[in-house]
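Here is the structure we will look at.
The values are calculated or read from the model by the stated rules, or taken from the named source; none is laboratory data. Treat the numbers as computed from the prediction; the structure is a model and nothing was measured. As a convention, Cβ positions derive from the backbone with ideal geometry for all residues, glycine included, and neighbour counts pool all protein chains shown. These area figures cover heavy atoms from the full protein model, side chains too; ligands, DNA and RNA do not enter into them. Shrake-Rupley method; radii C 1.70, N 1.55, O 1.52, S 1.80 Å.
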Amino acid sequence: MLDNLTDKNQYIITVIEDNNIRNIDLTAFNKSKISFGRGEDNDIILTSPLVSMNHGYFIIQNNQIKVIDNQSTNGIFVNNNKVVELFLKDGDSIKIDDPIEPLIRGVIFILSTNGKVSEWKQLDLENKNIITIGRDQTSDIVIDHVSVSLKHATIINKNNNFIIRDNNSTNGILINGIMLKGECILKDRDVILIANAKLIVNKNFLLYQVNDYGVSLDAIDIVKTVKVKGKKKDISQHISLSIKPGQFVAFVGGSGTGKSTFMNCISGVSRPTSGSVYINGNDLFKNYAVLKNIIGYVPQQDIVFNDLTLRDMLKYAADLRMPDDASIEEKKSRIKSVLETVELTGKEDVMIKNLSGGQRKRASIAVELIADPKLFFLDEPTSGLDPGTERSIMKTLRKMANSGKTIILVTHTTLNLNLCDKIAFFGIDGRLCFSGKPNDALSFFNVDDFVDIYTLLSKDTEKWHQIFNNSTYKDHVVRDESTTIMQKKNKKSFVKQFITLSKRYAKTIINNKQQLLLLLAQAPIIAYLLSIVVTDELFSSYDEAKTFLFAMATASIWLGLLNSIQEICKERVTLKKEYMANLKLTAYLSSKVIIQCILGLIQSILLVATFSLIVEVPEKGVFTSWSLEMIIVCFVTIISASSIGLVASCVSKNPSVAMSFAPLLLVPQLLFSGMLFPLEDIGEKISNFILCRFAVEGFGTINNLNNLTDSIQKIVPTYIREAEDFYTFTFEHLAEDIGIILLMMVVLTVVCFFILKYQLERSK
């Protein structure tokens, strides 16, 4: 008998024999061994002469299903590979046939592990020369899922051969478990998987079904080891857990019991030290690039931008997460549907920062729901919320699970655990002490209230861990080594991501009126203050001009540094989440750089223009007007300083730490600029890497410092000051200074890219 069947996966096979289709629920046999063959004594009786009398068995054990060949004549082929026995996963095809040259009486089984199978439909291949498949509602086969491209695939009837072609789709096509490259000729009983749709070639017909359900998850012997004060410590200890499609599961326990650590390991956020995770039977980490498209993850920190409206936040999320070919109407429809799901309809035009705590958490959930994930993880979504709001969010998650999504959350609270299908209690040092139905948890611990379980586990975790390991509640999950799905290269458009990210960044700046005012007011205020301290001899006195230009250089560096030094660290949680969901890091950094360039250009114009309005300035520079050349050098200095700020922001844990870096970054600019102290030996070598030095050189060249009179010449008219190479009054020298400053910016931006990439990859 199958133990605790209601908490186990259900397995349905679709049998296609001749022109007959039948769905058989294997779990309905209520036993672990189900036989199939031609003999009357089999559980599943087949009629094909290719089938032996007792051909094979399905074995359901430990929440898994295995197929075994009973020394049959013609064997068993799983995804066109001959097997003696093999653990199966959702969508696998089991054939009794010749996989190379299909026979007339061949038999095929298709496995579904979700407990329900949608209606199979049939399309005559011979009646149409071209069959279109995709999200487009005009397609012959419509697969209405966000991971499916608008025109995903085409089947062409060419000289009585049916050719399937991948139309450069985002997430690809699996033919008999192998990713299609370009196109191929379809054979009889080939199995085609596109997102949540299964298609089977049966003679001259195409059978297909489109399912909408969650996914199963099996965690096997998960261990996570970290270093604490130089010593290794296990914070997740040999945990095995099985979660079936459409379940609502809660990980519960006190602080420091490894709940979030375990969830990070099974969601792909971080890799376990040892153990395996299977999503619908596919190894998560071997196939992460494919499987991440069906996974949603909401971290404890909100993944929304305070200075955007809810509508804008979801619009940008749709632009980033939905297929590039999604229409504006599709995106609007998806946003409307998501808002209804999280019960935020009517709040579209409210700024995120003006939403309540519960509404902000719903907004974070909405951002993830845009991509319509089938497996959804949430890390303490109700933390800090009042009981009423918490219950409301839990009911929303329950509703999402009822719609077919698999929901897994971490929580400390126990008020609404009765809404869950399954709960897992964690004890000290990441030990799993129970997993099962909420009512069974009370019986297992012999208590009347979930809160009492906390007390029991805090007193003796090891005792309950051992009792659970020896109980029937423990999930015993094992799997054969799974094959790796061929993964398609991420085809998300750099240009579209760059445009979306740039718009979002610009919108956050514009919407924060106080910050925007401060950013724009700094430059004219600095210019005004400079105009107060300079004299009428500014552009004739070498000493005063040099001091003024040094002030302009340091002011430009200060502006650029403050523009960017908090920009990446304050978005770190959102960046990590979006990177997991196919965000191109080049697009993200490029959006930062382009907006910083626009901001820097405005600031440099305001700085120079304001000063020019107050103080009489020279008309000519080296090759054009003085004002234009000063704006150019100001601009390249500001944006180069911004790249320094971005690097500092990359290595900072939070905005406060980033601001602490500012003095450390600015002081070397002053000391090694060559303006305050003479530079010799090591100091001179260091100055070659100092932005302020080349900014002053550029400004000095424009103002022809070598041709100005210094204070000694006023006292001793016969004194001749030696011209400095730093300020050679030529276009070539000015271009060289500008080139060096821009080179610094490029190098620093590349450094920023590799730091971010290292951090994001290491955190997996």
Requested in this report: Return a single number: how many Lys pairs in the range 136-273, at a sequence separation of 8 or more or on separate chains, have alpha-carbon atoms below 25 angstrom apart.
Outcome: 23
**Report entry** Crossing angle, helix 357-369 versus the chain [Cα axis fit, 0-90 degrees, rounded to tens]
**Finding:** 70
Report summary line: A convex hull over the alpha carbons of the chain yields, per residue, a volume in Å³ of 200
**Report entry** Ellipsoid semi-axes in whole angstrom, largest first, where each is sqrt(5λ) of the Cα gyration tensor of the range 495-553
**Finding:** 38, 15, 6
Query - For the range 580-638 and the range 501-577, distance of Cα centres in Å - result: 10
Requested in this report: Please go through the range 672-701 and write out the GluC sites (Glu not before Pro) that DSSP classes as loop and that have at most 13 other C-beta atoms within 10 Å.
Outcome: Glu680
Query - Mean residue ellipticity (222 nm) of the chain, computed from DSSP H runs ≥ 4 via -39,500 (n - 2.57), nearest 500 - result: -12500 deg cm²/dmol
Query - Cα gyration tensor, the range 601-740 - rounded (a/c under 1.5), prolate or oblate - result: oblate
Report task. With θ set to phi - 60°, apply the Karplus curve 6.51 cos²θ - 1.76 cosθ + 1.60 along the range 611-616 and write out the HN-Hα couplings as whole Hz, x wherever there is a Gly or Pro. Result -> 5, 5, 6, 8, 10, 6
Report summary line: For the range 580-681, the Kirkwood Rh over every pair of distinct alpha carbons, in Å, works out to 16.4
Requested in this report: Output the pairs from Lys546/Lys620; Lys82/Lys128; Lys405/Lys576 with a Cα-Cα distance over 25 Å in this structure; if there are none, say none.
Outcome: Lys82/Lys128
Report summary line: With DSSP loop assignment and no more than 14 other C-beta atoms within 10 Å, the trypsin sites (Lys or Arg not before Pro) in the range 11-95 are Lys31
Query raised in the report: For helix 655-671, what angle does its Cα long axis make with the longest principal axis of the chain, in degrees from 0 to 90 and rounded to 10?
Result: 30
Query raised in the report: Roughly what angle does helix 626-651 make with the longest principal axis of the chain, taking Cα atoms, 0 to 90 degrees, to the nearest 10?
Result: 40
Report summary line: Using a 1.4 Å probe on heavy atoms of the protein chains only, the accessible area for Cys184 in Å², nearest 10, reads 40
Query - Fraction of beta bridges assigned by DSSP in the chain that are antiparallel (%, nearest 5) - result: 80
